[in-house]
Amino acid sequence: MKKNKYSVKLEVEDVLDLHGLTDYEAEFAVLDFLKNSRDSGFRVVKIITGKGLHSAHEPVMKKITREILREQNLVYTTAKIQDGGTGAFVIRLS
């Protein structure tokens, strides 16, 4: 397959893992992480939410993270399988 000469692969520059946090702690951790990552000039970061397999109803960390990313109008995607798959988001900050 031919690569587009204009495509640029951006590497993840920082990672936040939400495992073990409460929903309240996770909300503040995500907000702080995004602010600190922007302040550091990072362009791409990853947030590991886990897949929510142990959640009673729905994956809580994924929901909290997705809501914050949408509120901040950030571009994000689910990570590649080898990078966490549906248990992580890769976010473009700039």
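The values are calculated or read from the model by the stated rules, or taken from the named source; none is laboratory data. Remember, predicted model here, so these are calculated numbers, not experimental data. Backbone-built Cβ (ideal geometry, glycine too); neighbour counts: all protein chains shown.
For the condition among the aliphatic types (A, V, I, L, M), within 16 Å of ASP14 (Cα to Cα), at pLDDT 90 or above and surrounded by fewer than 19 Cβ atoms within 10 Å (Cβ to Cβ), ILE81 does not qualify.
Listed here are the strands (runs of 3 or more DSSP E) enclosed by the stretch 14-94 that have at least 2 residues being without any contact (Cβ under 8 Å) to a residue 40 or more places away in the chain and of a type outside the set (Phe, Trp, Tyr): 14-17, 75-78.
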